[in-house]
Amino acid sequence: LPAVTSPCKILKCNSEFWAATSGSHHLGAEEAPEFCTALRAYAHCTRRTARTCRGDLAYHSAVHGIDDLMEQHNCSKDGPTSQPRLRTLPPGDSQERSDSPEICHYEKSFHKHSAAPNYTHCGLFGDPHLRTFTDTFQTCKVQGAWPLIDNNYLNVQVTNTPVLPGSMATATSKLTIIFKSFQECVDQKVYQAEMDELPAAFADGSKNGGDKHGANSLKITEKVSGQHIEIQAKYIGTTIVVRQVGRYLTFAVRMPEEVVNAVEDRDSQGLYLCLRGCPLNQQIDFQTIRSAQATEGRARRKGPSLSAPPQAFTYETATAKCREKLPVEDLYFQSCVFDLLTTGDVNFMLAAYYAFEDVKMLHSNKDKLHLYERTRDLAPGNTAPSGTSPALWAALLCLSQCWLGLL
């Protein structure tokens, strides 16, 4: 199946509204008509995409948010819908509040009754590769929608789709993060990104935790437009980094162990990938596939020379390319080689590179930045998905290379 993008365009509506109203949450009376015009345009955009967004949480959140904003600003639903660019207020003159309650700053409240918190890291990138909160490194199939995090404070879900028609390779095409309402700190907020849409705001157009007194303890910052955003959730001591590399998304998080393990019923958290890892039947034996890739590369050298498109890689050219950005031959390097061979897309090298850069920034133990071998063995019969043998994997890999040659 080809890579699929959602026909629901609510993220585009959200982005257009935020672009028109950036920095204008506290408007003077003279700007209220322009804000209402932007709101009507926002409502019109949501109506256009209503048919394809019926089951989309971000869509319903936006619709309710528009109604609330129209009521707050006494906006009429009838009137012009052009989207003027409103005046941007100076930095620090927006929703930010410096007098947030101490409970809305995790580290400040934590230090009163215990030692400094222990932070953990989880990341997902490439085809897709998962580093769990326990530093287990896995390569998984996990096609479709899967929960990465599901605890008392937030939910993170990713959707992985095939990179090429008929390809084994999948990558993250959609990401949804739900921050649950928390005491006097934040309202519930939804962040949603997908291929070619990396908003710098929540689904309702806001950039912080809403109207509560500690709203600024949840905040989005755009690092590189359309490519890199960072979400700080200070009330739970959590930092999230989302990137778009090429067409696909990467995810990285730094979170205290106390928050990681804050679940109502641990027995029901079996599919919480960042905590439990991928199910055995979804895991790929990374070492076996790597050996098959190298063997397949040597076999190709002994056979007749075939012309290949520029984006196709041999084992040798893939390793050389990955060394440009990842000089240490750890699992991030091996992931890079694996992804170049299975996809032919050089952006997967950059995804591995940025994933490791995020580890350097987010991981609290600098001695565990590099991982060199899997930390969790697969059960017998699960060394490849669906019982696939290493020999068949090598044949499938060869077929994927031939498919790339035909494109």
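The values are calculated or read from the model by the stated rules, or taken from the named source; none is laboratory data. Predicted, not measured: the structure shown is a model, and the values here were computed from it. Cβ coordinates were reconstructed from backbone atoms using ideal geometry, including for glycine residues, and neighbour counts include every protein chain displayed. Each accessible area value is taken on the protein alone, full model and side chains, heavy atoms only, with ligands, DNA and RNA left out. Shrake-Rupley method; radii C 1.70, N 1.55, O 1.52, S 1.80 Å.
Read through the list (1) over 30 Å from residue 342 (Cβ atoms); (2) among the charged types (D, E, K, R); (3) surrounded by fewer than 20 Cβ atoms within 10 Å (Cβ to Cβ); (4) touching a strand residue (DSSP E or B) at 6+ places or on another chain (Cβ under 9 Å), then give the number of the only condition that residue 197 fails. So residue 197 meets the others, but not (1). Restricting attention to the stretch 130-151, the residues that are part of a strand (DSSP E or B), under 19 Å from residue 193 (Cβ atoms) and in contact (Cβ under 8 Å) with a residue 60 or more places away in the chain add up to 6.
Residue check: residue 138 meets all listed conditions (1) at pLDDT below 95; (2) under 16 Å from the mean Cα position of the chain (by Cα) but one, namely (2). When residue 92 is tested against (1) open to solvent by less than 80 Å² (accessible area, probe 1.4 Å); (2) of a type outside the set (S, T, N, Q); (3) touching an Asp or Glu at 6+ places or on another chain (Cβ under 9 Å); (4) modelled with pLDDT under 55, exactly one condition is not met: (3). In a residue-by-residue description of the stretch 315-332, the property of being over 17 Å from residue 171 (Cβ atoms), at pLDDT 90 or above, part of a loop (DSSP other than H, G, I, E, B) and charged (D, E, K, R) applies to at least one position.
From the list 198, 154, the one residue that fits, being in contact (Cβ under 8 Å) with a residue 60 or more places away in the chain and either among the hydroxyl-bearing types (Ser, Thr, Tyr) or within 15 Å of residue 251 (Cα to Cα) (or both), is 154. Applying a threshold of 7 Å to beta carbon distances and a minimum spacing of six or more residues, or different chains, the list of pairs starting in the stretch 206-233 at a residue that is more than 16 Å from residue 251 (Cβ to Cβ) and touching a residue at least 40 places away in the same chain (Cβ under 8 Å) and ending at one that is among the hydroxyl-bearing types (Ser, Thr, Tyr) and surrounded by 23 or more Cβ atoms within 10 Å (Cβ to Cβ) reads 214/235; 217/235. One residue stands out in the stretch 184-214 among those that are outside any loop (DSSP other than H, G, I, E, B) and not acidic (Asp, Glu): the one that is nearest to residue 171 (Cα to Cα), namely 193.
Got at least one residue in the stretch 123-132 being open to solvent by 60 Å² or more (accessible area, probe 1.4 Å) and in the same structural domain as residue 189 (by the TED database)?
Just the residues of the stretch 123-132 that are open to solvent by 60 Å² or more (accessible area, probe 1.4 Å), to begin with: none.
Checked against the condition, which is being open to solvent by 60 Å² or more (accessible area, probe 1.4 Å) and in the same structural domain as residue 189 (by the TED database), the stretch 123-132 yields no hits at all.
Scanning the stretch 333-358 for residues that are crowded, with 20+ Cβ neighbours inside 10 Å and free of Cβ contacts under 8 Å to residues at least 40 places away in the same chain turns up 333, 340, 349, 356.
One residue stands out among those in the stretch 160-194 that are among the hydroxyl-bearing types (Ser, Thr, Tyr) and in contact (Cβ under 8 Å) with a residue 60 or more places away in the chain: the one that is surrounded by the fewest Cβ atoms within 10 Å (Cβ to Cβ), which is 161. Based on this model, can you work out whether residue 65 counts as at pLDDT 80 or above and of a type outside the set (A, V, I, L, M, F, W, C)? Yes; evaluated as a whole, the condition is true for this residue.
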